[in-house]
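Beneath this line is the structure, given in structure tokens, with notes to follow.
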Amino acid sequence: MENNKITLSDMAMGLAHGEFVYYYQPKISLISGKMNGAEALIRWVRADGTLVPPGEFIPLAESTGFVTEISRAMFPRLVADFLIINDINEALTVSFNLSAQDFNSPEMLNLIRAAIDSHQIDPQRLQVELTEASIINSQDTAVRENLQELAGLGVTLAMDDYGTGYASIDSLSQWPFSILKIDQGLIQRMSGSEKCATIVQASIRMAHQLGIGTVAEGIETSSIYDFLLHAGCAEAQGFLMGKPMTLSELLIFIKKDQRWSGLPIGLIHMAQLDHIQWRKNLIDQITSTSFGGTRDVEIRDMTTEMDHHTCRLGLWYYGVGQEFGGHAPFDRLEEAHRVLHDIGKELLEIARSGVSREEVTAMLRRLTKQSSIVLEMLQELENEALMSQPAIF
Ligand code: C2E
Ligand code: MG
Ligand code: MG
């Protein structure tokens, strides 16, 4: 059968005959070096046995609106597969692709909610990937509301194919994404283009500053894998680690429990930079309050920065950093970081109450001392990561 002549009625027949299936591609955590999830990718197994990739029918499905039928009809299959995967390893996340159109009405949202409720699914283990283009084209407020509600359920929303559209940064600020998925084209072009490499690096850094996780897709070589590790990317997906495979192949893959390189030096460096930046901001605020002479000092609202859960290091620690849990320096870091914030808050208070400069200076010393302790722990964590078990590559 010729794939390039696919029509809407072909698709409808195929769907009615149960010819659509999901393949699964593993995702690897660049922190642990282990598989931490899989992406469901649709395939159409036609009556004559040909396997049609989504690129050959999803565009038609999207332009005709039929994609919502596919999404709804396939969702029970996805849930059934998810339950099997999750029973084998409950730490695995399953992501699946939806179009913005799927959220024109609350139907898909309701299906997801009902599945979470009836199967007691941890919503964080489900991840919806939306392509940037489908978002940008959607001006509908219903889509926005339904997506907000989906995020409110605790389901993770990933922006797929980041770097291919035009309004990426704008859509990031407007939609409730918590994961940025860097487009495979951009990742592959990095080998030949320093500019692409810089764009990828900067995107990872930006996502980190927004408190958003990063996944890179399309990794085919170990040099790209290593680059991403050093750039601080959190997750990786690509033919190098695993191609899309059937559910039973995936189960074998999970059982193999392979380990790749997980030396997340980039992520630890970003945490160090975050902390240094925090300290600089605070000291700047204190010194202009206490030592600023006669000029009026603008007192900034430091609430977010002063809370050890919501400062950047805190967002990292209680977010993506949690994968370091069990490493002694990481576990000790929590208390050291909390103490640092207590000193910081006290310092801010005394500086604003107008005590003597000597007292402020003494307190500043305590702050920098505690800051060194925090940085040393991050350094220890990096050393530990460098000495971690041998990996496949
Ligand atoms: P996507 O969501 O960005 O998925 C990643 C695509 O990159 C997949 O292609 C995957 O096979 C491919 N890929 C992953 N790693 C590598 C690599 O190292 N090298 C190369 N060359 N390719 C790699 P696939 O499965 O053909 O899917 C294409 C697109 O179709 C997906 O892109 C997604 O946008 C769409 N799609 C897939 N399944 C569904 C679905 O169930 N619903 C909807 N609406 N769209 C879907
Ligand atoms: Mg995807
Ligand atoms: Mg993609």
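Some points to look at:
- Condition broken by residue 25, with the remaining ones in (1) open to solvent by less than 10 Å² (accessible area, probe 1.4 Å); (2) within 16 Å of ligand 3 (Cβ to nearest atom) satisfied: (1)
- Of all residues in region 90-112, those satisfying the criterion of being open to solvent by 10 Å² or more (accessible area, probe 1.4 Å), more than 16 Å from ligand 3 (Cβ to nearest atom), out of contact with any helix residue (DSSP H, G or I) (no Cβ under 6 Å at 6 or more places or on another chain) and at pLDDT 95 or above are 107, 110.
A quick yes/no check of all residues on (1) under 25 Å from the mean Cα position of the chain (by Cα); (2) assigned to a helix (DSSP H, G or I):
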{"residue": "11", "(1), (2)": "no, yes"}
{"residue": "15", "(1), (2)": "no, yes"}
{"residue": "18", "(1), (2)": "no, no"}
{"residue": "24", "(1), (2)": "yes, no"}
{"residue": "38", "(1), (2)": "yes, no"}
{"residue": "41", "(1), (2)": "yes, no"}
{"residue": "61", "(1), (2)": "no, yes"}
{"residue": "81", "(1), (2)": "yes, yes"}
{"residue": "97", "(1), (2)": "yes, no"}
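- When residue 256 is tested against the conditions (1) open to solvent by 80 Å² or more (accessible area, probe 1.4 Å); (2) modelled with pLDDT under 85, the lone failure is (2).
- Breaking point among (1) open to solvent by 20 Å² or more (accessible area, probe 1.4 Å); (2) away from ligand 1 (no atom under 16 Å from the Cβ); (3) not aromatic (Phe, Trp, Tyr), for residue 161: (2)
- Scanning region 331-365 for residues being of a type in the set (Lys, Arg) and over 23 Å from residue 316 (Cα atoms) gives a total of 3.
- Any chance residue 113 is out of contact with any strand residue (DSSP E or B) (no Cβ under 8 Å at 6 or more places or on another chain) and either within 13 Å of ligand 1 (Cβ to nearest atom) or in contact (Cβ under 8 Å) with a residue 24 or more places away in the chain (or both): yes
- All positions within region 192-248 that are within 30 Å of residue 45 (Cα to Cα) and in a loop (DSSP other than H, G, I, E, B): 218, 219, 220, 221, 238, 239, 240, 241, 242, 243, 244, 246
- For region 165-183, taking the residues that are away from ligand 2 (no atom under 16 Å from the Cβ) and either at pLDDT below 80 or not in a loop (DSSP other than H, G, I, E, B) (or both), the one that is most open to solvent (accessible area, probe 1.4 Å) is identified as 166.
- Region 200-212 - residue that is touching a helix residue (DSSP H, G or I) at 6+ places or on another chain (Cβ under 7 Å) and at pLDDT 90 or above and, of those, farthest from ligand 1 (Cβ to nearest atom): 201
- Evaluated against (1) touching a residue at least 12 places away in the same chain (Cβ under 8 Å); (2) away from ligand 2 (no atom under 16 Å from the Cβ); (3) of a type in the set (Asp, Glu), residue 87 falls short on exactly one condition, (1).
The values are calculated or read from the model by the stated rules, or taken from the named source; none is laboratory data. Here the structure is a predicted model, which is why all the values come from computation and not from measurement. Cβ atoms come from the backbone with ideal geometry, glycine included; neighbour counts cover every protein chain shown. For accessibility, only protein heavy atoms count, side chains too; no ligands or nucleic acids. Shrake-Rupley method; radii C 1.70, N 1.55, O 1.52, S 1.80 Å.
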